[in-house]
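Worksheet: one structure, shown below.
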Amino acid sequence: MRCRLSLNKRYPCLSREELASLAKSHGCNILEEDSVVVLDCPDCAVAKRAAFARPLEASRDKPVQIQKRSTVTMDAFTARLLANLAMSRKLSKVLEPFIGSGAVAAEAERYGAYVVGVDIDADMLRRAAANTSADLVQADSRMLPFRKAFDAAVGDAPYGRMSVVEGDVEGLIRQFLDEAMCVVRGRIVLAIPIYFDVPHLRSCAMYVHGGLYRVIIVAQSGGGPS
């Protein structure tokens, strides 16, 4: 079945990465790549879960409504983009290392993933409990109490003026990426500040607001691009 989608004109890099991830996780072939991408899939329902790419013959699935938000809660479609890049699907085991209010977890769960959410902030875990069905663990994501337990890790690293994290954010991210190699069997997808890009990993940049930009990286456990 052929499913036609258009790339996001503002974020073509991210929408191409999203479609490649959806194709890989749902057994689709990419037949064309231009302003319109054609996926040859067993079922075109996969096109409806696209966040940044736009299905041309169907409407997108409506985003999950987050009831208890915070000032740093990620918007629903960016959260779904991250879940798609992490190849979240039925029965996959997904770690969200900085769960916050649970926006990414809610989108991953929507498509059948089992999510474990970690946060060092107890207040954020209470918010996540109201928004998701994830199993929640209060812990430091630089010292995770798991080993090779997950198919993917995905999250929005804490940064910016509204973050409760103090100190060296770049060090936090580097330490988490090292830790994730011991915890994750598959993909690691992370939104990070633009000033801390990881040149040997695939990445795309996106504007957030004001003077704030983020980079979204896609890596494979074991090192290097997935």
Quiz item: Near residue 90, which aspartates and glutamates are there with a Cα under 13 Å away, not counting those fewer than 8 places off in the same chain?
Solution: 107, 109, 151
Quiz prompt | Lone cysteines, the chain (no partner Cβ under 4.7 Å) | solution = 182
Practice problem: Taking GluC sites (Glu not before Pro) as candidate sites, keep only those in a DSSP loop with at most 13 other Cβ atoms within 10 Å, then name the longest stretch of the chain containing none of them. | Solution: 58-165
Quiz item: For region 90-161, rounded, prolate or oblate, judged on the Cα gyration tensor with a ≥ b ≥ c (square roots of eigenvalues), a/c < 1.5 rounded, else prolate if a/b > b/c?
Solution: oblate
Exercise. Output the direction-averaged projected area (hull surface divided by four) of the convex hull of the alpha-carbon atoms of region 76-220, in nm².
Key: 7.8
Quiz item: What fraction of the Cα pairs in region 1-157, stated in percent, has a spacing above 23 angstrom?
Solution: 37
Quiz item: When only C-alpha pairs under 8 Å and at least 6 residues apart count, what is the relative contact order of the chain, in percent?
Solution: 14
Quiz item: Picking from 143, 181, 74, which is most flexible by a Gaussian network model of the chain using Cα springs under 10 Å?
Solution: 143
Practice problem: Under 1.5 on a/c is rounded, so check that first for region 2-55, then, if it is not, pick prolate when a/b is larger than b/c and oblate when it is not; a ≥ b ≥ c are the square roots of the alpha carbon gyration tensor eigenvalues. | Solution: prolate
Quiz item: Share of antiparallel DSSP beta bridges in the chain, in percent to the nearest 5?
Solution: 60
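No lab work stands behind these numbers, since they all come straight from the coordinates. Since the structure is predicted, the reported quantities are computational estimates derived from the model, not experimental observations. Cβ sites come from the backbone with ideal geometry, for glycine too, and all protein chains shown count toward neighbours.
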